[in-house]
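So the structure is just underneath, and the comments pick up after that.
The values are calculated or read from the model by the stated rules, or taken from the named source; none is laboratory data. All figures in this text were calculated on a predicted structure; none of them were measured in a lab. Reconstructed Cβ throughout: ideal geometry from the backbone, glycine too, with neighbour counts over all protein chains shown.
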Amino acid sequence: MCFSGGFIFLYIAGYNLSVAVWVGFIALFGIAVDDGVVIATYLEQTFTKMTITSIQDIRQATIYAGTVIKTDLCFSIFRLWFSL
């Protein structure tokens, strides 16, 4: 996703591929992988905390985990922004 979106943006903005662009792509991939690991870890923790007996329980646990992750992310960005 981030790879295709990055190339679409490069095309729209009219940038050429350079070393700086490839370094940016590497950083973008790192952030995307890190976000995936955080989400998977938190989902696993949520599934172990809750008693899962049906598909509906899985959906509720996933929604709960997603809500908490998004809230934590927003607050951490907020704290980072005002600490600068």
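Residues that are free of Cβ contacts under 8 Å to residues at least 12 places away in the same chain and surrounded by 12 or more Cβ atoms within 10 Å (Cβ to Cβ) within the range 30-40 comprise just one, 35. Here is the figure for the range 47-67: residues that are farther than 28 Å from residue 6 by Cα, β-branched (Val, Ile, Thr) and either at pLDDT below 85 or not in a helix (DSSP H, G or I) (or both) total 5. For the range 6-24, filtering for residues that are of a type in the set (Gly, Ala, Ser) and either at pLDDT below 85 or under 21 Å from the mean Cα position of the chain (by Cα) (or both) leaves 2. Only residues that are of a type in the set (Phe, Trp, Tyr), part of a helix (DSSP H, G or I) and surrounded by 10 or more Cβ atoms within 10 Å (Cβ to Cβ): list them for the range 1-21, please. Hits for the range 1-21 are 3, 7, 9.
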